[in-house]
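The values are calculated or read from the model by the stated rules, or taken from the named source; none is laboratory data. Worth saying up front: this structure is predicted, and the values here are computed from it rather than measured. Glycine gets a Cβ as well: all are built from the backbone with ideal geometry, and neighbour counts include every protein chain shown. Areas reflect the complete protein model, heavy atoms only, side chains present, ligands, DNA and RNA absent. Shrake-Rupley method; radii C 1.70, N 1.55, O 1.52, S 1.80 Å.
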Amino acid sequence: MQWQEKYEGLISKFKARDKAALAKMISLIEDNVVDSWKIISKLQADSPPKNSYIIGITGSPGVGKSTFISKFVELFLESDEKIGIILIDPSSPFSGGAFLGDRIRMFELTKSPNVYIRSLASRGASGGLCNSIYDIIEVMKSFGFDKIIIETVGAGQTEIEIFYACDFVILILSPDSGDEVQIFKAGIMEIADCYVVNKIDLPSSKKFIVQMENFLNSEKNIQKKLFGVSSLENKGIDKIKNWIELQQKEAKDNAVKNEIRKKIRVKNFFINVIENILINLSTEDSDIFTLRNEVLKLLCKEIGGE
Amino acid sequence: MDKKIRVMIAKPGLDGHDRGAKIIARALRDAGMEVIYTGIRRTPEEIVEAAIQEDVDLIGLSILSGAHNILCKKIISLLKEREVEMPVILGGIIPEKDIPELKEMGIIEVFTPGTSLNEIVEKVKSIAMARKV
Ligand code: B12
Ligand SMILES: Nc1nc2c(ncn2[C@@H]2O[C@H](COP(=O)(O)OP(=O)(O)OP(=O)(O)O)[C@@H](O)[C@H]2O)c(=O)[nH]1
Ligand SMILES: [Mg+2]
């Protein structure tokens, strides 16, 4: 059967903005990147994707990323925007399994007609996201979300892929997430567009914010905005929303990032296909060159025919 | 291609007993599955909608409150209404006499206390894989 026929039903449901079809499409991207690329390009050829604004939320484990998103998204719903949310948690390097727990913090949003939430496992990707994320963003744009919000895995100092995937990155910090020395070691400080100190309902937050302000004043090359919020008590989050909307208006078309994204998509495409080939390949009797040639042959077979 | 099993472990109703659900979620994760846990006190509507958005291969309900008949019936009928085919299994404190009726309405398996985790993992795998192909 031709792929067009095989996915006809799915594609037409997708175009009718059926969330179940979007959900299936995302699974297809994760499981079968070769077919999903054909579908994505068909969707884009049939109608131009929405120019969704992509907001990344990152920060150490437990700083309150998911709780923040639950309150942040509600603000956009007031103005009837359509929001797609992607929540990424780490896969176990040993079992390959994952406990996807971010959704628990925003379960009330589940039944909101303008919201779609999807939990994903990182599946071995090391940048804080998953390899499929760029393709998933493409289908979410085609689905027509005004905003796409992406939560990274609990990120440390090197999980900075969110910078390429998103138009705007919020780094969430918490007064209980270590002292300022640790925080400013992190490469992640440099990629964020603004800093949000969450949990200002905690007494220790005052000291922490002063430390942050002192640091920002002393670093001439880091001119970034700092917000204090309590996601638990829903305080201060509206200020961030207003500021981001201003940034969005002023944002220039980011040609440089778009070119980088294209390259990463291609790279991840090959990684996904090759990983699938290797899983099913017996390596016992072959030396490394035979194996390489074998993979190359299968790779051409897998993606050939176009 | 490589297909990971995705399951949702859900706690419908007012039941606050979550130890069993968490143990099952952990066991399935350790068996290589991707597990979405809903947390406690979810409505049948929320569970079905979340399962659809997450495109899981199986829904595992955990109910210790005694309200299993009503909750399961509601969830199964919502799935039918939405025209999604998703296997549903159930675990918790379920009296032996209720099991035939639950299976009749479409619950595929029922697991009561004392079932080994290995057995649960194997059953979940085979039920979920059956949906994948
Ligand atoms: C611990 C416990 C509590 C703890 C719960 C702590 C917690 N966070 O979970 C506390 C003290 C809070 C509690 C409170 C109450 N409890 Co209580 N509790 C128990 C007890 C003693 C053990 C439950 C347990 O954790 N077992 C260990 C876990 C691992 O076992 P499990 O959940 O059964 O899971 C196994 C299987 O059932 C199965 N399984 C379970 N879920 C799933 C899901 C899937 C997908 C699969 C595949 C398998 C599966 O696999 C697991 C491993 O084998 C039981 C009695 C008993 N022996 O079961 C009563 C019991 C469940 N409680 C009961 C009651 C009545 C209450 C209260 C209403 C009491 C009261 N009047 O205050 C409250 C209600 C709380 C609430 N909000 O819902 C009754 C329920 C009666 C009924 N169903 O008709 C029981 C049966 C006691 C009794 N004999 O009367 N309880
Ligand atoms: N006091 C206080 N606690 C908060 C606040 N926001 C979140 N928390 C708590 O912090 C804990 C972690 O919250 P999450 O939202 O799950 O944090 P996260 O950053 O998404 O966590 P991971 O995804 O696991 O990295 C939870 O117990 C929340 O209730 C806040 O503003 N104040
Ligand atoms: Mg989270």
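Please list 3J(HN,Hα) in residue order for the stretch B:44-49, calculated via the Karplus relation 6.51 cos²θ - 1.76 cosθ + 1.60 where θ = phi - 60°; whole Hz, with x for glycine and proline.
x, 4, 4, 5, 5, 4
Using a 1.4 angstrom probe, figure out how much accessible area the stretch B:37-133 has per residue, in square angstrom, rounded to the nearest whole. Kindly include the intermediate steps, with their values, before the conclusion.
Values: 4570 Å² over 97 residues.
In whole numbers, the stretch B:37-133 has 47 Å² accessible per residue.
Suppose a student asked you for the relative contact order of chain B, using Cα pairs under 8 Å spaced at least 6 residues apart; what percent would you report? Show your work: numbers first, answer last.
Values: 213 pairs, mean separation 35.2, N = 133.
Normalised by residue count, the contact order of chain B is 26 percent.
Cut-off under 12 Å on the C-alpha distance; same-chain residues fewer than 8 positions from A:K6 excluded. Which aspartates and glutamates are left, in chain and number order?
A:D35
Would you mind getting me the FRET efficiency between A:K224 and B:V84? Use the beta-carbon distance for r and R0 = 41 Å, nearest 0.05.
Details: r = 45 Å, r/R0 = 1.09.
Between A:K224 and B:V84 the formula returns 0.40.
Take every Cα-Cα pair in the stretch A:207-306 and report what % of them are more than 23 Å apart.
Values: 3067 of 4950 pairs.
Within the stretch A:207-306, distances greater than 23 Å cover 62 percent of Cα pairs.
Just tell me which aspartates and glutamates come within less than 13 Å, Cα to Cα, of A:K262; anything on the same chain fewer than 8 places away is out.
Candidates past the 8-residue exclusion: A:D135, A:E138.
In whole angstrom, how long is each semi-axis of the equivalent ellipsoid of the stretch A:117-274, when you take the square root of 5 times every eigenvalue of its Cα gyration tensor and sort them from largest down?
Numbers: eigenvalues 171, 64, 52 Å².
Over the Cα atoms of the stretch A:117-274, the semi-axes work out to 29, 18, 16 Å.
Using only C-alpha atoms and all pairs of different ones, pull out the Kirkwood radius for the protein assembly as shown in Å with one decimal.
Values: mean 1/r = 0.0430 Å⁻¹.
Mean inverse Cα-Cα distance, inverted, gives 23.3 Å.
Under unit Cβ charges (Lys, Arg +1; Asp, Glu -1), what dipole magnitude, rounded to 20 debye, does chain A have relative to its Cα centre?
Taking the Cα centre of chain A as origin, the dipole is about 580 debye.
If each residue of separation counts as 0.36 nm, what is the full-extension length gain between A:N234 and A:Q248 once their alpha-carbon separation is subtracted? It would help to have the intermediate numbers written out before the result.
Values: separation 14, 0.36 × 14 = 5.04 nm, distance 2.30 nm.
Additional length available on full extension: 2.7 nm.
Hey, if you put +1 on the Cβ of every Lys and Arg and -1 on every Asp and Glu Cβ in the stretch A:49-251, which of A:I170, A:F68, A:S142 ends up farthest toward the positive end of that dipole?
Looking along the dipole axis, the top candidate is A:F68.
Within 10 Å of each Cβ of A:103-110, how many other protein chain Cβ atoms are there on average?
Values: counts 8, 6, 1, 0, 8, 1, 2, 13.
That average works out to 5.
Which of A:N234, A:N272, A:L246 sits farthest toward the positive end of the charge dipole of the stretch A:218-306, with +1 on the Cβ of Lys and Arg and -1 on the Cβ of Asp and Glu?
Farthest towards the positive pole: A:L246.
Along Cα→Cβ, 7 Å out, is where each label goes; now give me the distance between the ones at B:E104 and A:L75 in nm to one decimal.
5.4 nm
Per q in 0.20, 0.21 1/Å, what log10 I(q)/I(0) does a Debye calculation on the alpha-carbon atoms of the stretch B:6-132 return?
Results for the stretch B:6-132 at q = 0.20, 0.21 Å⁻¹ read -1.17, -1.32.
Do any of A:K19/A:K239; B:K3/B:K125; A:K71/A:K235; A:K50/A:K257; A:K24/B:K3; A:K207/A:K235 go past 21 Å between their Cα atoms, and which?
Numbers: A:K19/A:K239 31 Å; B:K3/B:K125 12 Å; A:K71/A:K235 9 Å; A:K50/A:K257 17 Å; A:K24/B:K3 13 Å; A:K207/A:K235 18 Å.
With Cα atoms farther than 21 Å apart: A:K19/A:K239.
Can you work out the accessible area per residue across chain A, with the rest of the protein chains kept in place, probe 1.4 Å, in square angstrom?
48 Å²
Dipole magnitude of the stretch A:258-304 about its Cα centre, charges +1 at Lys/Arg Cβ and -1 at Asp/Glu Cβ only, in debye to the nearest 20? If you can, show how the numbers build up before the last one.
On the way: 8 positive and 7 negative charges, 106 e Å.
Its charge dipole is roughly 500 debye.
Can you tell me the order of A:210-218, B:46-54 when each peptide is scored by its average per-residue count of other Cβ atoms within 10 angstrom, highest first?
B:46-54, A:210-218
With each run of n ≥ 4 DSSP H residues scored as -39500 (n - 2.57), what mean residue ellipticity at 222 nm is computed for the protein assembly as shown after dividing by its residue count and rounding to the nearest 500 deg cm²/dmol? Walk me through the intermediate numbers first.
On the way: 18 runs with 207 residues, N = 439.
Only helices count here, giving -14500 deg cm²/dmol.
Inside 10 Å of the C-beta atoms of B:26-38, what's the mean count of C-beta atoms belonging to other chains? The partial results should precede the final answer.
Working: counts 2, 1, 3, 9, 6, 3, 7, 6, 12, 8, 12, 6, 5.
Mean partner shielding for this stretch: 6.
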